[in-house]
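Quick note: the coordinates plus some simple rules give every number you see, no bench work behind them. All figures in this text were calculated on a predicted structure; none of them were measured in a lab. Note that each Cβ is placed from the backbone with ideal geometry, even for glycine, and that neighbours are counted across all protein chains shown.
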Amino acid sequence: MLAPERSRITFDELSGPSRLLSFLATYSYYCGSSTSSLTWKSIPVMPSGRFHVRARFVARLSTGRVTGYDYVTIWGRVSGSGKAAAVSVLVDFVYAGKHVADPYGTRLQSATAACETLVKGSAGA
């Protein structure tokens, strides 16, 4: 879990009512005690204002060796004005060769298998 002062979430203006043009989350994580950032382009927004995207990314060293997989989920709701949103970001890094039951779930995983970060906050255009 992150301290609010160490995380930041922003997005560019909406493209009409149906899409966040770009998204940036900067956050800290406990394993490795470092910071990272996540960018996402073109997040679809439902008519209700809700949005939800998820994906898996391979993490590699500069040598090309796979160190694990980042399972990323971004969800939230855009305000009626379209200028702000309540946003949650879950990044679950699962170490190479390890397995967790649900890498997209919010249930805490074994620290020997995964490193999780959950960021919740408000974002504005």
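Once phi is turned into θ = phi - 60°, what whole-Hz ³J(HN,Hα) does the Karplus curve with 6.51, -1.76 and 1.60 give for every residue of region 84-96, x standing for Gly and Pro?
Listing the rounded values in order: 8, 8, 8, 10, 10, 10, 10, 10, 10, 8, 9, 4, 4 Hz.
First check a/c for region 19-125, with a ≥ b ≥ c the square roots of the eigenvalues of its C-alpha gyration tensor; if it is under 1.5, answer rounded, and if not, answer prolate when a/b is larger than b/c or oblate otherwise. Each step should come with its number before you reach the end.
Values: a/c = 2.15, a/b = 1.95, b/c = 1.11.
It comes out prolate by the Cα gyration axes.
Once you sort the root eigenvalues of the Cα gyration tensor of region 39-94 as a ≥ b ≥ c, which label holds: rounded (a/c under 1.5), prolate (a/b larger than b/c) or oblate (the other case)?
Working: a/c = 3.56, a/b = 3.12, b/c = 1.14.
Prolate shape, in that a/c is at least 1.5 and a/b is the bigger ratio.
May I ask you to evaluate 6.51 cos²θ - 1.76 cosθ + 1.60, the Karplus curve with θ = phi - 60°, for each residue of region 41-54 and list the ³J(HN,Hα) values in order in whole Hz, giving x for glycine and proline?
9, 6, 8, x, 10, 6, x, 6, x, 7, 9, 6, 9, 8
Which whole-number value in Å³ per residue fits the convex hull of the alpha carbons of region 62-125? Can you show the working numbers first?
On the way: hull volume 6.4 nm³, N = 64.
Normalising the Cα hull of region 62-125 by residue number yields 100 Å³.
Using the number of other C-beta atoms within 10 angstrom as an exposure proxy, rank Thr63, Thr26, Thr106, Thr73 with the fewest first.
Ascending number of Cβ neighbours within 10 Å: Thr63, Thr106, Thr26, Thr73.
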